[in-house]
Amino acid sequence: MTLKGRGPALDEAHFGGESQEEFLSRIRARLQGAGYVADHPSFPAGPLEDEEQASYEQKAERFMKTLVELGGEAYRAPSREEAFRLIRDLLLHRDVKGVLTSGGDWSQCRAILEEAGIAVESWDEVAFSHGEADRELARADRWGAGLLWADYAVAELGSIAVLSSPRQGRSVSLVPPLMIALIAPEALVERRRTVLRHVAALAKERGVPSSLTLITGPSRSADIENDLSIGVHGPGQVIAILVEGS
Amino acid sequence: MSKGALLERIEGALANDRLREAVKRATNNFRSGKARAVLEYDDWEAMRERARAVRAHTIAHLDYYLAQLAAKVRENGGYVHFASTGEQAVEIVRKIARHYGVKSVAKSKSMVSEEIHLNDALKEDGIEVYETDLGEYIIQLAGETPSHIIGPALHKTREEIAELFAQLEGRTLSTDTPTLTAVARRQLRNVFLTADMGITGCNFAVAETGSVTLVTNEGNGRMVTALPRIVVTLMGMERIVPRLEDLDLLLTMLTRSATGQRATSYTTIFSGPRRDGEKDGPEAFHLVIVDNQRSTILGTEFEEALHCIRCGACLNICPVYRQIGGHAYGWVYSGPIGAVLTPLYRGVEEWGEVALASSLCGACWEACPVKIPLHDMLIGIRRESAERRRTHPFERWIFRGFGWMMHRPGLYRAAQRAGRWLQRPFVRDGRFRWAPAPLSSWLKTRTLPALPSKGFRDLWQSELTKQREPRLAVKAAFGEQREEGRGA
Amino acid sequence: MRVSLFVTCIVDTLYPQVGVSAVRLLRRLGVDVDFPSEQTCCGQPAYNSGYAADARRAAQRLIQAFRDSQWVVGPSGSCVAMVRHLYPKLFQGHPMEREALELAEKTYELSQFIVDVLGVTDMGATFDGVATYHTSCHMTRGLGVKEAPLTLLRNVRGLRLVDLPFAEDCCGFGGTFAVKMASLSTAMADDKLDNVAKTQAQYLLGGDMACLMHLKGRMEKRGMPVNVMHWAELLELATRPDRVDARTLADGEVSAS
């Protein structure tokens with residue numbers, strides 16, 4: 001059975017439930033009964049507003065240390081080209097035959113990888129509608145790794161942040177068993193709060209991206225007798241490369 | 001539910017050594033993780049206070065923020081539905097599924113869906129429902145309910161899990177973690193790729209951007225919101241923050257308190273359907289905002305229960321939970337927060353007795369990252385039960401008598417004297433050897449001292465009042481200064 | 001300085017020796033002690049079980065009993081926490097609210113009074129033995145007194161104070177909980193006692209006789225040979241003039257006046 005399309009806007013009321021007005025007025029009545037003023041909330045100010053202070057060097061060290069502690073790998077490359085060669089070596093070492101790339105310019109990398117016999121597909125080239133998604137993604141084995149440029153990296157957490165966009169697919173950092181993220185110097189921030197503030201500003205300017213994901217180390221679970229296991233659903237291997245120089 | 005049922009479940013749990021061992025191991029891991037995590041902050045207490053203030057502010061302006069959230073979700077191309085009851089919420093999801101012709105559903109963890117028995121309803125409509133959190137998946141296969149907010153299957157042993165997976169795969173399996181994890185990965189990968197619809201819970205919605213935040217360690221939250229064509233999010237109406245940046249503090253409090261982690265492996269903040277030109281992500285997004293008794297708590301002494309961020313820290317530290325696990329509490333929420341929420345959501349009349357499953361030690365309140373005074377609330381629930389005459393008549397009579405006697409010192413003294421006489425037949429070697437119910441249950445496992453021949457006030461009168469004591473030469477300053485300071 | 005002893009109903013009825021120890025300790029510190037005999041119970045059993053009105057009846061009597069007292073001192077963290085932190089709530093909007101607040105403000109747990117008010121941390125005590133200390137929940141979390149009794153005990157010469165593993169865990173007493181949920185309460189006591197056994201202490205000390213009654217009761221059933229006593233009892237023994245031996249006198253650290 002095929003799914004119906006997105007089609008014209010739906011009437012929410014068609015799905016039943018209560019009207020927004022009824023629902024909120026019940027809440028309002030309760031709150032007003034408790035003496036709250038619910039019109040123009042002013043947010044409570046707090047003492048925990050310290051801004052970014054660390055130097056690039058401090059951030060880089062902290063990021064790498066934190067990610068490695070979480071079971072990821074972290075490298076520094078003095079140039080893009082060095083980074084791409086490092087990727088090639090990492091992939092060859094793991095016997096990865098094909099990769100999927102997304103976000104940013106990968107043409108130089110592609111040449112290096114293809115020369116080494118690694119198939120490269122770009123997210124821009126992958127064309128699938130949902131009907132085909134199962135089949136395409138089910139063959140994800142052909143992508144032993146997802147390569148992407150991170151939108152942000154968070155030093156305090158060892159997190160890699162990715163914003164969805166037409167050129168940055170969610171699946172790239174999700175479906176393959178290995179994820180390699182390249183991080184430009186300007187993408188590395190000290191705190192998660194900075195990322196959230198940036199994205200909030202971005203949202204005000206031109207709408208919020210459809211998703212923001214922070215990836216903090218490999219996929220893990222402790223659901224079997226509290227015993228740590230890696231790579232449950234998401235990638236079991238996470239590699240970050242800080243790409244330095246111009 | 002009757003009192004008998006609660007006691008029966010507790011006795012059952014206490015008799016299950018394997019369960020108790022598993023619960024203790026898991027909660028010890030969680031709580032020691034948290035204890036280590038908290039040490040990394042020198043301002044943890046200030047962070048708790050700030051988190052409390054953020055939650056209090058949000059709840060005090062809940063109508064405002066929910067309206068903002070709804071507007072933003074629609075702006076992002078999503079749909080918003082409001083359900084005042086669990087039945088309404090179920091009906092909405094069924095209609096959404098029907099509208100899109102959904103045959104199979106991949107779910108990431110949602111406590112609300114447990115509240116409203118969503119899975120059963122969807123199955124009635126012929127829809128396959130798969131829980132994708134490993135722990136939830138295990139208990140779904142076992143036909144059980146979660147026993148812990150963070151570790152739903154922490155009561156299952158690896159042998160039991162291997163047995164469940166072996167049935168699924170039609171082959172025998174070894175019980176090591178990598179083998180079992182690989183089975184789950186393979187089975188569930190197929191689910192993610194073929195499900196028509198994803199259903200998620202909601203750790204925090206963000207009013208400012210119309211986003212839903214999911215934290216998972218496995219990545220199933222990402223899978224469910226990235227791969228199926230339709231995504232439905234069920235959120236309890238209180239699970240919201242005003243601004244994107246408020247997530248920073250609350251996520252820290254959540255993961256630090258839950259497992260001790262700085263952050264979970266995945267924090268997914270998704271904001272509606274895929275945008276034009278995007279190749280993955282859902283084509284349609286529906287947000288279902290659920291009340292289901294929550295609004296009845298607003299404006300009452302229990303309002304702060306709505307501040308809960310579902311970290312499970314109160315379970316891990318609770319000496320009662322640690323003995324009996326989650327199922328004994330009888331509903332989806334367990335531990336101290338469950339003993340408060342269950343009566344509030346389902347009625348004090350029927351469920352008030354769950355609040356008795358606490359020694360009022362206050363460890364929950366101390367552990368809570370948003371400082372919910374759970375021990376006070378447990379007393380509050382007991383008070384509601386008593387006021388609605390849901391407690392045993394004998395107990396009401398006892399406490400009536402207690403208040404009456406303690407108000408009258410003469411009577412109290414007379415009772416002490418009478419006690420010394422009346423106890424005689426039941427005392428041997430200074431210990432009671434028999435006592436009437438309900439004291440008899442004490443004597444089953446513990447000795448109870450008899451009343452001594454003279455109480456303190458007798459000693460005071462007969463000798464102590466006249467005694468003099470030699471004064472110690474102590475080093476420290478005497479408290480005269482403090483006394484003057486008080487103007488006494 | 002004059003202090004009124006808030007003896008608590010459990011000490012008055014079952015453990016008079018604890019009250020006697022409290023009086024002696026205070027007197028040895030130069031404090032005059034009186035005992036308003038109208039006092040009964042703070043009302044906590046009723047309050048915790050949800051019977052606020054009945055608890056208030058008991059509490060009114062306590063408030064009246066100590067109306068003229070300057071300082072009120074009790075040998076129980078739990079009962080003092082009830083007065084200090086729960087009376088203000090119990091009497092909110094009640095005609096006796098002001099008096100309830102007054103009592104709350106002037107009521108102290110014994111170690112809190114000795115350390116925080118009298119400013120005494122070392123009583124010059126001597127006692128040979130190995131002890132561990134049960135931190136009762138209402139003393140630490142309810143009242144917020146964590147260090148005071150330990151400070152006094154650490155300064156007892158000859159006493160080796162061993163840390164109790166998972167000291168912050170509840171012992172399982174919990175008032176009526178101990179009876180209503182007897183097997184659960186017992187399971188909690190067993191965990192606590194297993195940890196006590198690990199310390200190999202000869203003495204289990206505590207600041208709340210209710211917890212200690214429960215733990216001692218369980219110990220006797222299990223046949224555990226540990227002495228259970230209120231920390232004030234031990235301090236009283238350890239500061240008796242006839243215990244002040246030549247050795248400590250020679251050190252010049254302590255003398256009976």
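The values are calculated or read from the model by the stated rules, or taken from the named source; none is laboratory data. This structure is a prediction, so every number in the text was calculated from the model and none was measured. Cβ atoms come from the backbone with ideal geometry, glycine included; neighbour counts cover every protein chain shown. Please note that ligands, DNA and RNA were not included when accessible areas were found on the heavy atoms of the full protein model with its side chains. Shrake-Rupley method; radii C 1.70, N 1.55, O 1.52, S 1.80 Å.
Details
- Dipole of chain B, positive end: most advanced residue of B:Ala305, B:Thr216, B:Ser32 [Cβ charges, Cα centre]: B:Ser32
- Here the contact order of chain C, divided by its residue count and restricted to Cα pairs under 8 Å and six or more residues apart, works out to 19 percent.
- The C-alpha atoms of segment B:132-234 occupy a region whose extents along the principal axes are 50, 29, 22 Å, arranged from largest to smallest.
- C:Asp68 sits with roughly 150 Å² accessible to a 1.4 Å probe, with DNA, RNA and ligands left out of the calculation.
- Fraction of the pair-distance distribution of chain C above 23 Å, Cα-Cα pairs, percent: 51
- Between A:Ala153 and A:Ala161, A:Leu188, A:Val189, the built amide H atoms are under 5 Å apart, and every one of these is 5 or more places off in sequence or on another chain.
- Sparse-neighbour loop sites [trypsin sites (Lys or Arg not before Pro); segment C:64-95; at most 14 other C-beta within 10 Å; DSSP]: C:Arg67
- Using θ = phi - 60° and Karplus 6.51 cos²θ - 1.76 cosθ + 1.60, couplings along segment C:175-182 (whole Hz; Gly, Pro as x): x, 5, 3, 4, 9, 5, 10, 4
- DSSP bridge orientation in the protein assembly as shown - percent antiparallel, rounded to nearest 5: 30
- Which of B:Tyr64, B:Tyr79 is most accessible, then next, and so on - probe 1.4 Å: B:Tyr64, B:Tyr79
- Annotation: amide H of B:Tyr79 within the under-5 Å range of B:Phe285, B:His286, B:Leu287, sequence separation 5 or more or interchain, hydrogens built in the peptide plane.
- Per-residue HN-Hα couplings for segment A:156-163 [Karplus 6.51, -1.76, 1.60; θ = phi - 60°; Hz; x = Gly/Pro]: 5, 10, x, 8, 10, 10, 10, 9
- By the Cβ distance rule of under 4.7 Å, chain B has these cysteines without a partner: B:Cys202, B:Cys308, B:Cys311, B:Cys318, B:Cys368.
- Each of B:Asp120 and B:Glu45 was given a label point 7 Å from its Cα along the Cα-to-Cβ line. The distance between the two points is 4.7 nm.
- Electrostatic dipole magnitude of segment C:114-244 [Cβ: Lys, Arg +1; Asp, Glu -1; Cα centre; debye, to 20]: 220
- Taking N as its residue count, the alpha carbon Rg of the protein assembly as shown over 2.2 N^0.38 Å: 1.05
- Computed from backbone phi with θ = phi - 60° and the Karplus coefficients 6.51, -1.76 and 1.60, the 3J(HN,Hα) list for segment A:101-114 is 10, 7, x, x, 9, 10, 4, 5, 5, 4, 4, 5, 6, 5 Hz; x is used for glycine and proline.
- Percentage of interatomic Cα-Cα distances in segment A:171-246 larger than 14 Å: 71
- Drop in accessible area of at least 40 Å² in the complex versus isolated chain, residues of segment B:99-135, 1.4 Å probe: B:His99, B:Tyr100, B:Leu134
- One chain, two ends: B:Ser440 and B:Arg25. Fully extended at 0.36 nm per residue, the span grows by 146.1 nm beyond their Cα-Cα distance.
- Accessible area that becomes buried as B packs against A, both chains, 1.4 Å probe, Å², nearest 100: 9100
- Translational D in µm²/s for segment B:62-292 (Stokes-Einstein at 10 °C, 1.306 mPa s, Kirkwood Rh from C-alpha pairs): 88
- Cα pair distances exceeding 15 angstrom across segment B:393-466, given as percent: 66
- Amide H partners (placed H, <5 Å) of B:Val427, local residues excluded: B:Arg433
- Nearest-ten-degree value, helix B:393-406 long axis tilted from longest Cα axis of chain B: 40
- Coil-residue trypsin sites (Lys or Arg not before Pro) of segment B:158-266, DSSP, other Cβ within 10 Å capped at 15: B:Arg171
- Placing C:Lys198, B:Lys103 in order of accessible area, with the largest value first and a 1.4 Å probe, yields C:Lys198, B:Lys103.
- Most positive-pole-ward Cα, C:Ala55, C:Val33, C:Leu150, against dipole of chain C from beta carbon charges: C:Ala55
- Entries in B:Lys24/C:Lys221; A:Lys59/B:Lys107; B:Lys109/C:Lys192; B:Lys107/C:Lys180; A:Lys204/B:Lys34; B:Lys34/B:Lys156 that, when Cα-Cα distance is taken, lie over 28 Å: A:Lys59/B:Lys107; B:Lys109/C:Lys192; B:Lys107/C:Lys180; A:Lys204/B:Lys34
- Cα-centred dipole magnitude for the protein assembly as shown, charges only on beta-carbon of K, R (+1) and D, E (-1), debye, nearest 20: 3340
- Here's the picture: charge each Lys and Arg Cβ at +1 and each Asp and Glu Cβ at -1 in chain B, and of B:Ala414, B:Ala205, B:Ile10 the one pushed furthest to the positive end of that dipole is B:Ala414.
- Crossing angle, helix B:62-75 versus chain B [Cα axis fit, 0-90 degrees, rounded to tens]: 10
- Between 0 and 90°, nearest 10: helix B:177-194 axis offset from chain B longest Cα axis: 50
- Extents of chain B, taken as max minus min of Cα coordinates on every principal axis and listed largest first, are 93, 58, 46 Å.
- For segment A:56-243, the Kirkwood hydrodynamic radius comes to 16.9 Å, computed from all pairs of different C-alpha atoms.
- Quarter of Cα convex hull surface for segment C:126-241, i.e. mean projection, nm²: 6.8
- In chain B, Cα pairs under 8 Å separated by at least six residues give a relative contact order of 18 percent.
- Segment A:Ala29-A:Leu92, extension gain: residue separation times 0.36 nm, minus the distance between their alpha carbons: 16.2 nm
- Heavy atoms of B:Thr296: accessible area, 1.4 Å probe, square angstrom to 10: 60
- Projected label points at B:Ala71 and B:Phe394, each 7 Å from Cα along the beta carbon direction, are separated by 6.0 nanometres.
- Cα centre as origin, Lys/Arg/Asp/Glu Cβ charges: chain B dipole, Debye: 2280
- Per residue accessible area of the protein assembly as shown, 1.4 Å probe, in Å²: 37
- Note on B:Thr157 and A:Ala119: the model spin-label points, each 7 Å out from Cα along the C-beta direction, lie 4.7 nm apart.
- In the protein assembly as shown, helical runs assigned H by DSSP with n ≥ 4 each contribute -39500 (n - 2.57); averaged across all residues and rounded to the nearest 500, the mean residue ellipticity at 222 nm is -13000 deg cm²/dmol.
- Measure of compaction for segment B:231-381 (Cα Rg per 2.2 N^0.38 Å): 1.17
- Taking only the C-alpha atoms of segment C:2-117, the Rg (one decimal) and the largest Cα-Cα distance, Dmax (whole number), read 13.4, 41 Å.
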